[in-house]
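Data first, discussion second: the structure below is written as structure tokens.
The values are calculated or read from the model by the stated rules, or taken from the named source; none is laboratory data. Not measured: the values here are computed from a predicted model. Here Cβ is always computed from backbone atoms with ideal geometry, including for glycine, and neighbour counts include all displayed protein chains. Just so you know, the surface numbers come from the protein's heavy atoms only, side chains and all, with ligands and any DNA or RNA stripped out. Shrake-Rupley method; radii C 1.70, N 1.55, O 1.52, S 1.80 Å.
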Amino acid sequence: MSSNSHEGIHITCPHCDTINRLQSDRPIGNSICGKCKQPMFIGKPITLTTDNFYKHINNHQIPVLVDFFADWCGPCKMMAPIIDQAARELEPKIRLAKINTDQERSISETFQIVSVPTLILFNQGKEALRNSGALNLSALKHWLVSYLSDNK
């Protein structure tokens, strides 16, 4: 992220998938999409599909945490409210997203998801962190905050 006020921070809209350039000299938490006029941060994880996955991962200048899950997975069901709470607490520093591995098999294969839940933190389009298995909210936040602190 640049601190130069003439540059912007690129964020993909969670509603219409439009890439927006937000002013880096203003708080981004209350930003509105230039196309659909919806909030850029919604305090809950967004749903990714094969159609919009790379647009969100590659065009975000804030880290994106993706929860790779399956509907039949008990630990995934246990993680769902934790991911929801993390989205409320960590946006706009991190965008949280979910992808159903049974519905989006090609993405799951690309990232070699062999067990669910698997959490991958993408930063500037690249995998930065990975965790397989369920985490409680405290452990999840510690894992993410440690990364953010080390990569300012």
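Quick one: what are the phi-derived ³J(HN,Hα) couplings along the stretch 9-22, Karplus 6.51/-1.76/1.60 with θ = phi - 60°, whole Hz, x for glycine and proline?
Whole-Hz 3J(HN,Hα) from phi for the stretch 9-22: 10, 8, 9, 8, 5, x, 9, 10, 6, 7, 7, 10, 9, 8.
Report the relative contact order of the chain, percent, no decimals, based on alpha-carbon pairs under 8 angstrom and at least 6 residues apart.
Averaging sequence separation for qualifying contacts and normalising by length gives 22 percent for the chain.
If the only charges are +1 at each Lys and Arg Cβ and -1 at each Asp and Glu Cβ, what is the size of the charge dipole of the stretch 41-152 around the Cα centre, to the nearest 20 debye? Please report the intermediate quantities before stating the final value.
Details: 12 positive and 11 negative charges, 62 e Å.
Once rounded to the nearest 20, the dipole reads 300 debye.
Taking 10 °C and 1.306 mPa s as the conditions, I'd like the Stokes-Einstein D for the stretch 9-102 in µm²/s, using the Kirkwood hydrodynamic radius from alpha carbon pairs. All intermediate terms of the calculation are to be shown ahead of the outcome.
Values: Rh = 13.6 Å.
My calculation gives 117 µm²/s for D.
For a Förster distance of 41 Å, can you work out the FRET efficiency between the beta-carbons of residue 130 and residue 35, rounded to the nearest 0.05? Present the calculation step by step, with values, prior to reporting the outcome.
Numbers: r = 32 Å, r/R0 = 0.79.
That gives a FRET efficiency of 0.80.
Taking amide H positions as placed in the peptide plane 1.01 Å from N, state which residues far from residue 19 in sequence (5 or more) or on other chains have amide H under 5 Å from it.
13
I need two numbers for the stretch 62-152: Rg to one decimal and Dmax as a whole number, Cα atoms only, in Å.
12.3, 37
Out of 78, 42, 101, whose Cα points farthest toward the positive end of the dipole of the chain (charges: +1 Lys, Arg; -1 Asp, Glu; placed on Cβ)?
42
Quick one: putting +1 on the C-beta of Lys and Arg, -1 on the C-beta of Asp and Glu, what dipole do you get for the stretch 3-94 around its Cα centre, in Debye to the nearest 20?
Numbers: 9 positive and 9 negative charges, 45 e Å.
Roughly 220 debye for the stretch 3-94.
Among the lysines, which have Cα under 21 Å from the Cα of residue 98 when same-chain residues fewer than 8 positions away are ignored?
Those lysines meeting the cut-off are 44, 55, 77, 126, 141.
Which value, in Å² and to the nearest 10, is the accessible area of residue 10 when all protein chains are kept and the probe is 1.4 Å?
My reading of the accessible area for residue 10 is about 70 Å².
Applying a 10 Å radius around every beta-carbon, put 136-142, 81-87 in order of their mean neighbour count, most first. Before the final figure, lay out each step's value.
On the way: 136-142: 14.0, 81-87: 18.4.
For the peptides 136-142, 81-87, the packing ranking is 81-87, 136-142.
Please list 30-36, 67-73, 96-102 highest first by mean number of surrounding beta-carbon atoms within 10 Å per residue. Kindly include the intermediate steps, with their values, before the conclusion.
Details: 30-36: 14.6, 67-73: 18.1, 96-102: 21.3.
Packing order, densest peptide first, comes out as 96-102, 67-73, 30-36.
If the only charges are +1 at each Lys and Arg Cβ and -1 at each Asp and Glu Cβ, what is the size of the charge dipole of the stretch 21-69 around the Cα centre, to the nearest 20 debye? Let's see the in-between values first.
On the way: 6 positive and 3 negative charges, 46 e Å.
Using Cβ point charges on Lys, Arg, Asp and Glu, the stretch 21-69 gives about 220 debye.
How big is D, in µm² s⁻¹, for the stretch 14-67 by Stokes-Einstein at 4 °C and 1.567 mPa s if Rh is the Kirkwood radius over C-alpha pairs? Mind showing how you got there, number by number?
Numbers: Rh = 12.0 Å.
D = 108 µm²/s.
Return one number: the angle in degrees, 0 to 90 and rounded to the nearest 10, between the long axis of the Cα atoms of helix 137-150 and the longest principal axis of the Cα atoms of the chain.
Long axis of 137-150 versus the principal axis of the chain: about 50 degrees.
With θ set to phi - 60° and the Karplus curve 6.51 cos²θ - 1.76 cosθ + 1.60, what are the ³J(HN,Hα) couplings of the stretch 91-105 in order, to the nearest whole Hz, using x for Gly and Pro?
Values per residue, Gly and Pro as x: 5, x, 6, 9, 8, 9, 9, 10, 9, 7, 5, 6, 8, 10, 4 Hz.
Relative to the longest principal axis of the chain, what angle (0 to 90°, nearest 10) does the C-alpha long axis of helix 74-90 take?
20 degrees
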